[in-house]
Amino acid sequence: MKKLSVFLIVVLMAVLLFAVTAAAVTISTSGTYYLSDYGNGETYTINPGLTVTLVGSSSVTYTNVAIVCQGNSAGIKLTLDNVRINNDANSGRTPLAFWGGSGNELYLVNDNYLFAGFNAAGV
């Protein structure tokens, strides 16, 4: 009985650990993506050379979200449309980052809010 109890506790802990771990979304095709399809706790990695629109909602604020644009010489054209991200409870979590390269373009459509965690930049 004791072994079964220990086993069940370990399984429960593993399930809870995976339930709260941030997920990763890799965007490798140009197009429009809706944050509502993914939710909170996501890291969106956008590959180089793409034209991507991320659509949020004026009534929904996402938390613990990061958008990482992996640029190179091709650059990324990113449009944020009603994207609301509040990472103030996540120390060091930047909502939007452009890494490397040149020729990146950022377009803001409607109301967008990008709040970083402690010790992190908003963009």
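Grab the strands (runs of 3 or more DSSP E) fully contained in the range 81-123, keeping just those with 2 or more residues being of a type in the set (A, V, I, L, M).
Those strands (runs of 3 or more DSSP E) span 96-99, 105-109.
Pairs under 8 Å by beta carbon, first residue on the phi > 0 side of the Ramachandran plot in the range 60-76, partner assigned to a strand (DSSP E or B) and among the aromatic types (Phe, Trp, Tyr), six or more apart or different chains?
Within 8 Å, no pair qualifies.
Restricting the search to the range 28-42, which residues are surrounded by fewer than 16 Cβ atoms within 10 Å (Cβ to Cβ) and either in a helix (DSSP H, G or I) or over 13 Å from the mean Cα position of the chain (by Cα) (or both)?
Result: 28, 29, 30, 31, 32, 36, 37.
Which residues, counting only those in the range 43-80, are outside any loop (DSSP other than H, G, I, E, B) and crowded, with 19+ Cβ neighbours inside 10 Å?
44, 46, 52, 54, 62, 66, 67, 69, 78, 80
Could you tell me how many of the residues in the range 3-51 are of a type outside the set (S, T, N, Q) and modelled with pLDDT of 60 or more?
Count: 18.
The values are calculated or read from the model by the stated rules, or taken from the named source; none is laboratory data. As the structure is a prediction and not an experimental result, all values here were calculated from the model. Reconstructed Cβ throughout: ideal geometry from the backbone, glycine too, with neighbour counts over all protein chains shown.
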